[in-house]
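Data block below; observations after.
The values are calculated or read from the model by the stated rules, or taken from the named source; none is laboratory data. Since we're looking at a predicted model, the values are computed, not measured. Ideal geometry is used to build each Cβ from the backbone, glycine not excepted, and the neighbour counts take in all protein chains shown.
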Amino acid sequence: MREAFIMLRLVLLVAMVLLRVAAGDLRGQDLQISWNGREIRIAAPQFHFLAGRALERLRNGSAVAFDFQLSLLAGELPFQRTAERFLVSYDLWEERFAVVRMAREQRPMKSVSHLTQPATEAWCLENLILATDKLDPDRWVTVQLDVRAEDVAESRPLATQSGISLAALIEIFSRTSHPAQSKWTLRRGPIRIADYRKGS
């Protein structure tokens, strides 16, 4: 009886892991954090969002929009966050990627080209910055990164005359994603941001 109970627990544990992987929940991935006293920046060398269906669409000549949201959570509730949209395309002849960080609320767009796949992924994360002006650095928080791939031809327009609004981007992550949509979640925490001060 005891052996059967242990076996059942193992089966349930494996099933939970497989479900998380299928849902794009990458809590085991290495989400690296740095803080300069004003802003949180992240890196994740093992995280590859230019993969699967999104990469296939890029190599077929379609541009793909990736929506990124970086949040600080107290328990499971976000209390501070930022979001960006990156438009990625692929040059079939040069076999290199180009990416544009879309303009947002009076801030101009930013672009780069001729990047390898890892360099493209790193550039997007480097340009996702969360201001921490009002954050108590000794507060225990969880840092969460959410990424969703959007088909440019099917996505709803978000831009206004001043660029994409932060509210519109954040609202994307409140919607239920459709089954075929590529999406990922990375987490680190609970942590104290003060422990990740750059140079300390």
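Spot the failing condition for ALA44; the list is (1) of a type outside the set (Ser, Thr, Tyr); (2) modelled with pLDDT under 95; (3) under 16 Å from LEU186 (Cα atoms), and only one is missed.
Every listed condition holds for ALA44 apart from (2).
Report yes if GLY75 is modelled with pLDDT under 95, farther than 22 Å from GLN32 by Cα and either small (Gly, Ala, Ser) or touching a helix residue (DSSP H, G or I) at 6+ places or on another chain (Cβ under 7 Å) (or both), otherwise no. Reasoning before the result, please.
Numbers: modelled with pLDDT under 95: yes; farther than 22 Å from GLN32 by Cα: no; either small (Gly, Ala, Ser) or touching a helix residue (DSSP H, G or I) at 6+ places or on another chain (Cβ under 7 Å) (or both): yes.
In short, no.
What are the residues in region 71-108 that are under 20 Å from THR120 (Cβ atoms) and among the small types (Gly, Ala, Ser), if any?
Answer for region 71-108, where residues must be under 20 Å from THR120 (Cβ atoms) and among the small types (Gly, Ala, Ser): ALA83, SER89, ALA98, ALA103.
What number of residues within region 59-87 satisfy the criterion of being closer than 16 Å to ALA44 by Cβ and of a type in the set (A, V, I, L, M)?
1
Only residues that are β-branched (Val, Ile, Thr) and modelled with pLDDT under 75: list them for region 159-200, please. If you could, list the steps in order and put the result at the bottom.
Of the residues in region 159-200, the ones β-branched (Val, Ile, Thr) are 160, 164, 170, 172, 176, 185, 191, 193.
THR160, ILE164, ILE170, ILE172, THR176 - these are the residues of region 159-200 that are β-branched (Val, Ile, Thr) and modelled with pLDDT under 75.
Checking ALA103 against (1) farther than 14 Å from GLN117 by Cα; (2) more than 14 Å from the chain's Cα centre (by Cα); (3) modelled with pLDDT of 95 or more, which single condition isn't satisfied?
Here ALA103 meets the rest and fails (3).
State all residues of region 105-134 that are surrounded by fewer than 18 Cβ atoms within 10 Å (Cβ to Cβ), part of a loop (DSSP other than H, G, I, E, B) and not β-branched (Val, Ile, Thr); if no residue qualifies, say none.
Across region 105-134, the qualifying residues are GLU105, GLN106, PRO108, MET109, ASN127, ASP133, LYS134.
Being surrounded by 13 or more Cβ atoms within 10 Å (Cβ to Cβ), charged (D, E, K, R) and either in a strand (DSSP E or B) or at negative phi (or both), is that true of even one residue in region 73-83?
yes
Counting only residues that are assigned to a loop (DSSP other than H, G, I, E, B) and among the hydrophobic types (A, V, I, L, M, F, W, C), which one in region 49-65 is nearest to TYR90 (Cα to Cα)? Reasoning before the result, please.
So in region 49-65, the residues assigned to a loop (DSSP other than H, G, I, E, B) come out as 49-51, 60-63.
The next check asks that each one be among the hydrophobic types (A, V, I, L, M, F, W, C); those that pass are 49-51, 63.
Details: PHE49: 14, LEU50: 11, ALA51: 13, ALA63: 7 Å.
By that ranking, first place goes to ALA63.
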